[in-house]
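Asker: Below is a structure I'd like to ask you about.
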Amino acid sequence: MSLSRRRVGTTRLFAVDVLALIHGDDCRSAAFGELVEERGHALHEWSLAAGTPPAQPIDSYGALLVFGGAMHADQEQHHPWLREENLFLQRVLDLGIPVLGVCLGAQLLAKAAYADIGPAQEPEIGWYPVELTAAAATDPVFAELPGRFEAFQWHYYTYGLPAGAAELARSALCTQAFRLGERAWGIQFHAEVTGPQVEDWIAEDRDAAPADLAEETRARIGDWMALGRDLCGAFLDRAEAA
């Protein structure tokens, strides 16, 4: 693991190299990536679909972020590299590298841990209430989040909880977050998004987006990004400690 001491502002911390696993140019590390670099960590974005290796050996990374994408977690017939990604994530889990999966990333983590994934009863696209479970109160990443919040969502699929995982949040439709072991988390909601990113998604798929989504997002995105930074910051705290 690449590890060094760096000074960021007045805070002394261990800096880690962070790998961001992306699934398209419109689903990149966004606000999470900005926070990673603000805290003095190196960020490397990588896609298995590109057919090239990551910048460093996998076991040299101190943390992994797995982001969303337009594809679904079970579409290996259309995206054969998803089979390689499943094996990659299983290795990450075996190595104990701290990992946080977002939306598709959470589904892929659940799948790598042999949980079921598939279509949700209905899509969640827009802002939906999410409530933390009792287990979140003692979770190092979720403990400081509000017990209930309006979360930005854009997904058609959901996941089953992996064996031994702790469910950390739910919406009325489906599970929204889990922790597997001590170093792996998945969130179904998009805590990494920025306002311009959401506007791009709406422009690309106006038929799917609610008519008032852009206006509602402009009103909510500031508070939402603050919550996302808190969540990602708590995850990075764990990676630094590991």
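Asker: Give the residues of region 139-193 that are of a type in the set (Lys, Arg) and part of a strand (DSSP E or B), sorted by residue number.
Answerer: From region 139-193, those of a type in the set (Lys, Arg) are 148, 170, 179, 183; that's our starting set.
Once the filter is applied, which keeps residues that are of a type in the set (Lys, Arg) and part of a strand (DSSP E or B), region 139-193 yields Arg148, Arg170, Arg179.
Asker: Which residue, of Ala169, Ala242, Ala219, is in contact (Cβ under 8 Å) with a residue 60 or more places away in the chain and either among the aliphatic types (A, V, I, L, M) or buried (at least 21 other Cβ atoms within 10 Å of the Cβ) (or both)? Before the answer, list the steps.
Answerer: Values: Ala169 fails: in contact (Cβ under 8 Å) with a residue 60 or more places away in the chain; Ala219 fails: in contact (Cβ under 8 Å) with a residue 60 or more places away in the chain.
So the residue among Ala169, Ala242, Ala219 that is in contact (Cβ under 8 Å) with a residue 60 or more places away in the chain and either among the aliphatic types (A, V, I, L, M) or buried (at least 21 other Cβ atoms within 10 Å of the Cβ) (or both) is Ala242.
Asker: Now for a different question. Taking region 208-235 only, how many residues are under 24 Å from Gly101 (Cα atoms) and at pLDDT below 95?
Answerer: Number satisfying all stated conditions: 2.
Asker: Report yes if Ala136 is in contact with a Pro (Cβ under 7 Å, 6 or more places away or on another chain), among the hydrophobic types (A, V, I, L, M, F, W, C) and part of a helix (DSSP H, G or I), otherwise no. Please lay out each step first, then the result.
Answerer: On the way: in contact with a Pro (Cβ under 7 Å, 6 or more places away or on another chain): no; among the hydrophobic types (A, V, I, L, M, F, W, C): yes; part of a helix (DSSP H, G or I): yes.
It is false that Ala136 is in contact with a Pro (Cβ under 7 Å, 6 or more places away or on another chain), among the hydrophobic types (A, V, I, L, M, F, W, C) and part of a helix (DSSP H, G or I).
Asker: Filter region 117-159 down to the residues that are among the hydroxyl-bearing types (Ser, Thr, Tyr) and closer than 19 Å to Phe235 by Cβ and list them by number. Show your work before the answer.
Answerer: Of region 117-159, the ones among the hydroxyl-bearing types (Ser, Thr, Tyr) are 128, 133, 138, 156-159.
Thr133, Thr138, Tyr159, listed by residue number.
Asker: Cβ-Cβ below 6 Å, separation at least six or inter-chain, first residue in region 105-120 and of a type in the set (S, T, N, Q) and modelled with pLDDT of 95 or more, second in a strand (DSSP E or B) and crowded, with 24+ Cβ neighbours inside 10 Å: which pairs?
Answerer: Final answer for the pair search is Gln107/Tyr159.
Asker: Considering (1) surrounded by 18 or more Cβ atoms within 10 Å (Cβ to Cβ); (2) β-branched (Val, Ile, Thr); (3) not in a helix (DSSP H, G or I), say which one Thr52 fails and leave the rest.
Answerer: (1)
Asker: Restricting to region 179-201, what's the tally of residues that are over 21 Å from Ala113 (Cβ atoms) and touching a Ser or Thr at 6+ places or on another chain (Cβ under 8 Å)?
Answerer: Within region 179-201, residues that are over 21 Å from Ala113 (Cβ atoms) and touching a Ser or Thr at 6+ places or on another chain (Cβ under 8 Å) number 4.
The values are calculated or read from the model by the stated rules, or taken from the named source; none is laboratory data. Computed from a predicted structure; not experimentally measured. No Cβ is skipped: glycine too gets one built from the backbone with ideal geometry, and neighbour counts run over all protein chains shown.
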